[in-house]
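What follows is one structure encoded as structure tokens, with my remarks underneath.
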């Protein structure tokens, strides 16, 4: 029990301590917002399709693949890939159709996305260091194929800070079907201070413990927070090297502010009926409806100042390939006729909505997947095996030259042939659009200055507006 003298000493320092805490928060926030150069983008939406979505069935048309359907892949007639021996070449089950003023050919399975091709910069010459889903997803999200490194969203949080102190800086929205391969490592803070990890939110996943107990009055709660904050700051000041402690304090403070802000973000009933119809939130397909609500949540987060949003369409692998994600080893046509309708309308609606609200002017949108698929079918199946040697990613929005194509795979879609590109060049360009120099953005860890782009990268000028 405190003596009266100790109580007086404590109370005499509460007000000055709280002033110092407030000043510290303001200075910390200002110190983070330090771009290296003028940036076109203020926020990022990264859409991720786990399972390795097939480039030659969605985004990159291959006429020779159609012509030589059923024949061996020249020079690789006995090729063995991730799951074993490959059979002959297999054309896409669906025709490709020209879209937009550019006439870009994309799959007829994506009629709503076709409306946006003139705004997209396609990277058709991507290749990866790994052909395994877990490391592949982590590689595309963090620039490193092993766990323990910060995701691109965490780097953005670290470099640019928050645009809304009442909401998280970085949010991950997992699919209703579950987390992607390697789970939370895809949105980890890695070795950056723990407060830069993503907060997980989803339309199907209520935020727990937001409402205070009814017996606690507002006055009592505010007084408790003030006292707790003072004590926490004193405790943390004596332990300056413990970033996890600071992150825990930051999380508690953010949770308190989110009691007011988060329920409003998730209040979809405030949206007019035509918006729900645009996204397809009332679809009879429960997977499409759930993903559509997550797309709507992503827009509401972005317009309220969340810096970086990871939006997932599909989840980790299941006992049946291609059931829960884009990993179509055995029955590609049936798998993609299940996944494409879930993805197409809600994603296109999100892009349309961002444009209509003027948010696309300073929002950068990325579409990503961990690698591609083989142009052949797996022996004894009607599906495609993993292909890390060639695939497609794309970006659109702030600072991006729409209607462009950078790089290409060979005529069959087997390997990146024209302007081969890695995730390091892709993220070098993303950071540039955010006003960050990919070589200057680093963090000293275990004797090295670590970067999102490792020791690689360069900005791809061809896709900049």
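Just so it is clear, none of the values below were taken in a lab; they were calculated from the coordinates. Here the structure is a predicted model, which is why all the values come from computation and not from measurement. Here Cβ is always computed from backbone atoms with ideal geometry, including for glycine, and neighbour counts include all displayed protein chains.
Can you bin segment 40-130 into rounded, prolate or oblate? Criterion: square roots of the alpha carbon gyration tensor eigenvalues sorted a ≥ b ≥ c, rounded for a/c under 1.5, prolate for a/b above b/c, oblate for the rest. Here segment 40-130 falls in the oblate category. Placing pseudo-labels 7 Å out from each Cα toward the beta carbon at residue 220 and residue 352 gives an inter-label distance of 5.0 nm. Compared with the dominant Cα axis of the chain, that is its longest principal axis, helix 332-356 is turned about 50°. Taking the DSSP bridge list for the chain and keeping only pairs wholly inside it, about 55 percent are antiparallel. Label sites at residue 285 and residue 129, each approximated as a point 7 angstrom past Cα along Cα to Cβ, lie 3.6 nm apart. Averaging Cα coordinates gives a centre for segment 154-208 and one for segment 40-95; these two points are 31 Å apart.
Between rounded, prolate and oblate, where does segment 321-465 land on the alpha carbon gyration tensor, with a ≥ b ≥ c its root eigenvalues, rounded for a/c under 1.5, else prolate if a/b exceeds b/c? The partial results should precede the final answer.
Values: a/c = 1.96, a/b = 1.35, b/c = 1.45.
Since a/c reaches 1.5 but b/c is at least a/b, the shape of segment 321-465 is classed as oblate.
Sum -39500 (n - 2.57) across every DSSP H segment of at least 4 residues in the chain, then divide by the residue count to get the 222 nm mean residue ellipticity, nearest 500. That calculation yields -11500 deg cm²/dmol at 222 nm. Residue order for 184, 67, 40, 62, fewest other beta carbons within 10 angstrom first, comes to 67, 184, 40, 62. Computed from the Cβ-Cβ distance with R0 of 56 Å, the FRET efficiency linking residue 85 to residue 163 stands at 0.60.
Of the beta bridges in segment 95-223, as assigned by DSSP with both residues counted there, near 75 percent are antiparallel.
How high is the FRET efficiency between residue 228 and residue 461 when r is their beta carbon distance and R₀ equals 51 Å, given to the nearest 0.05?
The formula returns an efficiency of 0.50 here.
Between helix 423-433 and the chain, what is the angle of the helix's C-alpha long axis to the longest principal axis, kept within 0 to 90° and rounded to the nearest 10? Between helix and principal axis, roughly 50 degrees.
Can you bin segment 380-465 into rounded, prolate or oblate? Criterion: square roots of the alpha carbon gyration tensor eigenvalues sorted a ≥ b ≥ c, rounded for a/c under 1.5, prolate for a/b above b/c, oblate for the rest. Oblate is the answer for segment 380-465, as a/c is 1.5 or above yet b/c matches or exceeds a/b. Relative to the longest principal axis of the Cα atoms of the chain, the long axis of helix 4-32 makes an angle of roughly 30 degrees.
Using R₀ = 60 Å, calculate the FRET efficiency as 1/(1 + (r/R₀)^6) where r is the Cβ-Cβ separation of residue 379 and residue 444; round to 0.05. Kindly include the intermediate steps, with their values, before the conclusion.
On the way: r = 49 Å, r/R0 = 0.82.
Plugging the Cβ-Cβ distance into 1/(1 + (r/R0)^6) gives 0.75.
For the chain, the equivalent ellipsoid derived from the Cα gyration tensor has semi-axes of 44, 23, 20 Å, listed largest first.
Report relative contact order for the chain in percent, whole number only (criteria: Cα-Cα under 8 Å, sequence separation at least 6). Don't skip to the end; give the middle numbers.
Numbers: 959 pairs, mean separation 133.7, N = 465.
Once normalised by length, the contact order is 29 percent.
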